[in-house]
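A short write-up of the structure that comes next.
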């Protein structure tokens with residue numbers, strides 16, 4: 001295909017609240033909820049660490065570790081990430097190391113073990129599994145980011161409550177809850193299972209993180225264990241309000257540089273691309289309505305979510321750890337998200353094929369949006385066909401003149417466009 005739509009760079013402005021002093025805020029919040037009053041000399045304190053790329057997570061966890069030590073406790077880190085890292089203890093420790101979360105950087109031991117205990121069974125017959133070592137600690141401090149989940153809808157989604165289940169349940173628990181969610185609403189699973197966990201395990205408090213549209217720390221909130229459900233719902237509303245969005249209602253082709261677990265649970269945030277309810281089409285009332293998604297690359301090996309796209313490059317396939325990806329997809333009961341899209345040798349051929357899906361519209365008139373990933377949306381590239389709609393979009397400013405798409409000798413787009 002000889003012709004391509006012209007493009008412009010567009011900047012989006014989002015609300016930007018920020019926590020200026022991360023360490024001081026963590027200390028203030030833990031003191032505010034009187035977490036220090038519960039710790040006795042020698043108490044072992046399990047502090048959760050998930051696999052997501054939470055901004056400032058090293059400072060947040062290191063400060064929590066130091067706070068516990070100053071109170072006389074013996075803190076340690078429990079990897080809390082379900083099936084991630086290939087569902088092995090070594091793999092999960094490696095995931096943390098990739099986030100620069102090590103024993104040296106955090107100042108305490110990391111005890112990675114996939115063994116679980118059976119705490120109880122819900123009225124719906126769902127067994128409740130929990131990390132064995134954490135269950136034997138004197139205290140558990142749950143740290144996690146509150147945000148919209150990429151698969152579950154409802155009042156809770158991602159955050160402290162889900163960390164109790166899928167994170168601290170390790171691979172066995174995560175697999176069980178995802179299977180149960182096929183027939184039982186996730187909100188019901190949370191509302192029946194979490195009170196049992198809180199009763200059987202010494203969950204003492206939580207640190208809930210909310211990020212703004214720029215991926216910056218917008219809030220750190222200490223939460224008492226008896227207030228997890230209420231605060232989770234309140235903070236989810238706050239997170240929804242602050243999250244980034246694509247500024248269009250309809251997109252012909254969404255070109256994404258990278259997907260990966262450090263970006264989103266499904267590699268690309270389904271809340272951003274409008275594919276939370278259906279894999280290859282927008283669900284009712286989901287926006288933007290994206291016709292075709294094309295993936296240029298995979299970050300971090302786990303390519304879960306690649307199957308939501310229609311096209312991908314051969315290098316994206318080569319960058320994917322398919323064993324880890326398929327374990328993740330099976331655990332999450334979302335096998336389709338691990339399937340390989342139409343594979344193309346380079347960006348040019350991928351775009352040529354994608355442009356064949358836009359119907360009778362001229363190629364020059366295609367609504368093309370090109371993003372780095374679904375976490376970085378302040379600067380995006382759009383085709384000129386999008387400019388009419390963008391003129392009235394709040395907080396959107398074109399930043400460059402029209403220009404053609406540029407391919408190198410191998411047929412690939414530049415990474416710094």
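The values are calculated or read from the model by the stated rules, or taken from the named source; none is laboratory data. No experiment lies behind these values; they were computed from the predicted model shown. Virtual Cβ from ideal backbone geometry, glycine too; neighbours counted across all protein chains shown.
Just a few scattered comments:
- Candidate set from the range 392-417 (those that are surrounded by fewer than 13 Cβ atoms within 10 Å (Cβ to Cβ) and touching a strand residue (DSSP E or B) at 6+ places or on another chain (Cβ under 9 Å)); member that is nearest to residue 256 (Cα to Cα): 415
- Meeting the requirement of 1 or more residues that are within 15 Å of residue 247 (Cα to Cα) and in contact (Cβ under 8 Å) with a residue 60 or more places away in the chain, the strands (runs of 3 or more DSSP E) wholly within the range 316-411 are 368-371, 379-383, 396-398.
- Scanning the range 30-53 for residues that are crowded, with 21+ Cβ neighbours inside 10 Å and farther than 22 Å from residue 90 by Cβ yields 30, 35, 39, 45.
- Inspection of the range 62-84 finds no residue satisfying the criterion of being in contact (Cβ under 8 Å) with a residue 40 or more places away in the chain, surrounded by fewer than 18 Cβ atoms within 10 Å (Cβ to Cβ), more than 22 Å from residue 203 (Cα to Cα) and out of contact with any helix residue (DSSP H, G or I) (no Cβ under 7 Å at 6 or more places or on another chain).
- Residues satisfying the stated conditions in the range 121-130, i.e. touching a strand residue (DSSP E or B) at 6+ places or on another chain (Cβ under 6 Å) and over 16 Å from residue 161 (Cβ atoms): 121, 127
- Residues of the range 205-226 classified as under 23 Å from residue 68 (Cβ atoms) and at pLDDT 95 or above, total: 13
- For the range 298-312, the count of residues that are touching a helix residue (DSSP H, G or I) at 6+ places or on another chain (Cβ under 8 Å) and more than 20 Å from residue 270 (Cα to Cα) is zero.
- Residues in the range 276-287 that are in contact with a helix residue (DSSP H, G or I) (Cβ under 9 Å, 6 or more places away or on another chain) and closer than 19 Å to residue 335 by Cβ: 276, 277, 279, 280.
- Qualifying residues in the range 278-294 (those that are within 24 Å of residue 322 (Cα to Cα) and in contact (Cβ under 8 Å) with a residue 24 or more places away in the chain) - the one surrounded by the fewest Cβ atoms within 10 Å (Cβ to Cβ): 280
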